[in-house]
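FYI, it's all coordinate maths here, none of it is from the lab. The structure presented is a predicted model; accordingly, all values stated were derived computationally and were not measured. Because the Cβ atoms are built from the backbone with ideal geometry, glycine has one as well, and the counts that use them run over all protein chains shown.
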């Protein structure tokens, strides 16, 4: 580039050959930048895909853990509801026997 600038100072007019040479150099430079840019984007895409795959696995494991915890909580609620029903049945039985005792006591008096 410096040689081109140095020559530019000495050249008063640009002919077609020199303009074609400059155009060719520019095209080669753009092609190189385009190739490097595509390679860079390809590396970024690969890295991002790898990271997304890792995150997908972590999220999948997290959801599996949440599912196991929900199952455990569901079993515990089932046990609790069974105990509450047993307690209610026991209270109903005690209330029923008390009511029968009160009724039989009123009848026999």
Length released on extending from residue 81 to residue 104, taking residue separation times 0.36 nm less the Cα-Cα span: 4.9 nm
Inter-probe distance in nm under a simple model that places probes 7 Å from Cα toward Cβ, at residue 35 and residue 68: 5.2
Value in Å of the Kirkwood radius, where the range 2-108 supplies the Cα pairs that are averaged: 23.2
